[in-house]
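The values are calculated or read from the model by the stated rules, or taken from the named source; none is laboratory data. Predicted, not measured: the structure shown is a model, and the values here were computed from it. Every residue, glycine among them, receives a Cβ derived from its backbone with ideal geometry; neighbour counts consider all protein chains shown.
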Amino acid sequence: MATKRVTARAGSAHGGAAWQRVVRVIGQKVIEPDPRIVDAFRNTGYSLEAAIADLVDNSIDANASRVLIRFMRTESELLSLIVVDDGDGMTEKAMDRAMQFAGRREYSGSDLGMYGMGLKSASLSQADNFTVASRAKGGSAVGRRWTESQAKSGWVCDIVDPTSAAEELDRAWDDDLELSVKGTVVRWDGVRDFQKASGRVDSYLRKVRQAILNHLGLQLHRFIEQGRVAIVVDAENVETGELGFPAEAVALDPFGYDMVGAGGYPKKFQVDIPTAGILHVTAHIWPARSKLPGYKLGGGNVSRRQGLYFYRNDRLIQAGGWNNLRDDAEPHMSLARVEVDLPVELESFFSIRFSKSGVDAPRSFADALAASVADDGTTFPQFLDRAQEVYRTKAEPALKPVLPGGKGLTADVRRTISENLPVYPEEYAVTFLWERLPKDVFFRVDRDDCAITLNSIYRKAVLAGAKASAADAPLVKALLLLLLNDNLCSQRESAVEKATLAAWQAIMVAAVR
């Protein structure tokens, strides 16, 4: 048997001089993994929603346009979770590769899959067993099932009867899901988290469904916004055959603000990472005290949403956190977010976590980010300082919009109203008229025509000698416009409003007389 020599080099503890040591190798042997490694899948960092997201990633890679996530239930318990898609499906050969642990297919540069473990690790992290049925275009239905016990006893995978696999695919899943030609069904049984739902299925489903919708709406927001995939969550009661109301995932864009928080933002920064290369990132500052879904991102502590947002092939991998640059939850930095699209050439530098829930990077990245500069010369620390200033700045009071003045009011008054108050669109402008009304009435409000009519009996007294014209009495008209705005905007007049208007009429009639 030939002897192999392996040379190892290391720095000496004495002056840094190199030293050499020979490691002699006398052969090789195959050491197979212990099947009990399956136990490790329970502790791979997957939440239920993150595990489901991994399955949806596979659906997107298979060119699915629609994905259905369905809970199978009875009145008192949850039975299974099923993910159905109308993607390309799998042949028998592709199915065996997909079910093989670390069986990696050829990934393209735009695929969301990475390690060849997502289907297995995500499924067994949540369920005692999972079944896959699939059909490729022009092919027959095929199916496989992994159970935790059989995997641990020697990697024994069940072959599903093709008839049974076809029955799974051909169910009437959804009016918009057609799997007779191609598609895939993944079913989880023995889902461990479902134990929490015993006796309170409805409340559990409400909570977990929203968590899933929030997670998918955020992680896959670019796909949803661009219409590349629709994702629906519902539940089926196997006892009654009833379907729960379907809820579709809505994009939660962490950069989806309608106005910037600071002038000049967003800004692009160039991050020069030693030994790795150049990375371009975009720094955003949200407007203070935003109520938009893209800022709240499903609720929780918003301060923990500050920081870096890493994307790989348009799929969000990390939603916040500073990766050792600074404190991740300092409240005054809540408006600062940084968009990072990882290029293929830098993927080996950043370590993407197994569950696609975060990115780890060497300290050199944080140092390079802190030293980065924007195109206009702004430094990254200056960006952080500006975000903090915006957060600390007291917001201007939010003024209530008013109906704008229209015909019968001078152009100068109309312009001044629009310059000083937020106003509704011009089609809601209030018209002023003079008409003869009963003596005990000074004005009349017409909601349907958005008009205020003044009693012409009192016109001479109001003008006090001034010449009558279409836009006369600007002071009285402007005051009435502001005074009666709420009445004009309301759909119906309450008893309190009616009594208030009657009191105003009496006071104004007394004054003008």
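Observations on the model:
- Of the candidates Arg171, Arg144, the single residue that is modelled with pLDDT under 95 and charged (D, E, K, R) is Arg171.
- The condition of being more than 53 Å from the chain's Cα centre (by Cα) and modelled with pLDDT of 70 or more holds for only one of Ile37, Ile31, Ile52, Ile26, that being Ile26.
- Residue within the range 138-154 that is surrounded by fewer than 18 Cβ atoms within 10 Å (Cβ to Cβ) and closer than 28 Å to Gly300 by Cα present: no
- Taking first residues from the range 365-388 that are within 14 Å of His280 (Cβ to Cβ) and not assigned by TED's automatic domain parsing to the domain that holds Phe310 and partners that are among the acidic types (Asp, Glu) and crowded, with 21+ Cβ neighbours inside 10 Å, no Cβ contact under 6 Å between residues at least 6 apart in sequence or on separate chains turns up.
- Count of the range 339-395 residues, restricted to those that are of a type outside the set (Ser, Thr, Tyr), in a loop (DSSP other than H, G, I, E, B) and modelled with pLDDT under 90, is 11.
- A search for C-beta distances below 7 Å between a residue of the range 469-492 that is surrounded by 15 or more Cβ atoms within 10 Å (Cβ to Cβ) and any residue that is among the hydroxyl-bearing types (Ser, Thr, Tyr), counting only pairs 6+ apart in sequence or on different chains, returns Ala471/Thr410; Pro474/Thr410.
- Which listed residue, of Arg21, Arg70, is out of contact with any His (no Cβ under 9 Å at 6 or more places or on another chain), in a strand (DSSP E or B) and modelled with pLDDT of 90 or more: Arg70
- Some residue of the range 374-387 being at negative phi, more than 35 Å from the chain's Cα centre (by Cα) and surrounded by fewer than 16 Cβ atoms within 10 Å (Cβ to Cβ): no
- Lone qualifier among Glu106, Glu77 - being modelled with pLDDT under 70 and either outside the structural domain of Gln219 (by TED's automatic domain parsing) or over 23 Å from the mean Cα position of the chain (by Cα) (or both): Glu106
- Qualifying residue in the range 409-416 (condition: among the polar types (S, T, N, Q), assigned by TED's automatic domain parsing to the domain that holds Ile457 and surrounded by fewer than 14 Cβ atoms within 10 Å (Cβ to Cβ)): yes
- Matching residues in the range 439-468 - criterion: being among the basic types (Lys, Arg), in contact with a Leu (Cβ under 8 Å, 6 or more places away or on another chain) and surrounded by 15 or more Cβ atoms within 10 Å (Cβ to Cβ): Arg444
- Residue ID - farthest from His332 (Cα to Cα), chosen from residues in the range 274-287 that are of a type in the set (Gly, Ala, Ser) and buried (at least 16 other Cβ atoms within 10 Å of the Cβ): Ala276
- In the set (1) of a type outside the set (A, V, I, L, M); (2) at positive phi; (3) touching a helix residue (DSSP H, G or I) at 6+ places or on another chain (Cβ under 8 Å), the condition left unmet by Gly227 is number (3).
- Positions within the range 166-215 being aliphatic (A, V, I, L, M) and closer than 19 Å to Asn58 by Cα, in sequence order: Leu169, Leu177, Leu179, Val181, Val185, Val186, Ile212, Leu213
- Restricting the range 428-462 to residues that are part of a helix (DSSP H, G or I) and aromatic (Phe, Trp, Tyr), the residue that is nearest to the chain's Cα centre (by Cα): Tyr428
- Within the span defined as the range 310-327, one or more residues are of a type in the set (Gly, Ala, Ser), farther than 29 Å from Gly377 by Cβ and crowded, with 18+ Cβ neighbours inside 10 Å.
- Qualifying residues in the range 200-228 (those that are in contact with an Asp or Glu (Cβ under 9 Å, 6 or more places away or on another chain) and in a loop (DSSP other than H, G, I, E, B)) - the one surrounded by the most Cβ atoms within 10 Å (Cβ to Cβ): Leu220
- Glu339 in contact (Cβ under 8 Å) with a residue 60 or more places away in the chain, touching a Ser or Thr at 6+ places or on another chain (Cβ under 8 Å), of a type in the set (Asp, Glu) and in the same structural domain as Gln388 (by TED's automatic domain parsing): yes
- The residues listed here are Arg436, Arg459, Arg447; of these, the one that is of a type in the set (Lys, Arg) and touching a Phe, Trp or Tyr at 6+ places or on another chain (Cβ under 7 Å) is Arg459.
- Per the conditions (1) at pLDDT 85 or above; (2) aromatic (Phe, Trp, Tyr); (3) part of a loop (DSSP other than H, G, I, E, B), the sole criterion not satisfied by Tyr115 is (1).
- The set of residues from the range 67-98 being of a type in the set (Lys, Arg) and surrounded by 20 or more Cβ atoms within 10 Å (Cβ to Cβ) comprises Arg70, Arg73.
- Output for the range 321-338, where each listed residue is closer than 15 Å to His284 by Cα and not in a strand (DSSP E or B): Trp322, His332, Met333, Ser334, Leu335
- Applying the condition of being among the hydroxyl-bearing types (Ser, Thr, Tyr) and touching a helix residue (DSSP H, G or I) at 6+ places or on another chain (Cβ under 7 Å) to the range 345-386 and asking which residue is nearest to Leu124 (Cα to Cα) yields Ser355.
- Of everything in the range 280-293 that is modelled with pLDDT of 95 or more and not β-branched (Val, Ile, Thr), the residue that is farthest from Ala211 (Cα to Cα) is His280.
- For Thr240, the conditions (1) in contact with a helix residue (DSSP H, G or I) (Cβ under 7 Å, 6 or more places away or on another chain); (2) assigned by TED's automatic domain parsing to the domain that holds Val142 all hold with the exception of (1).
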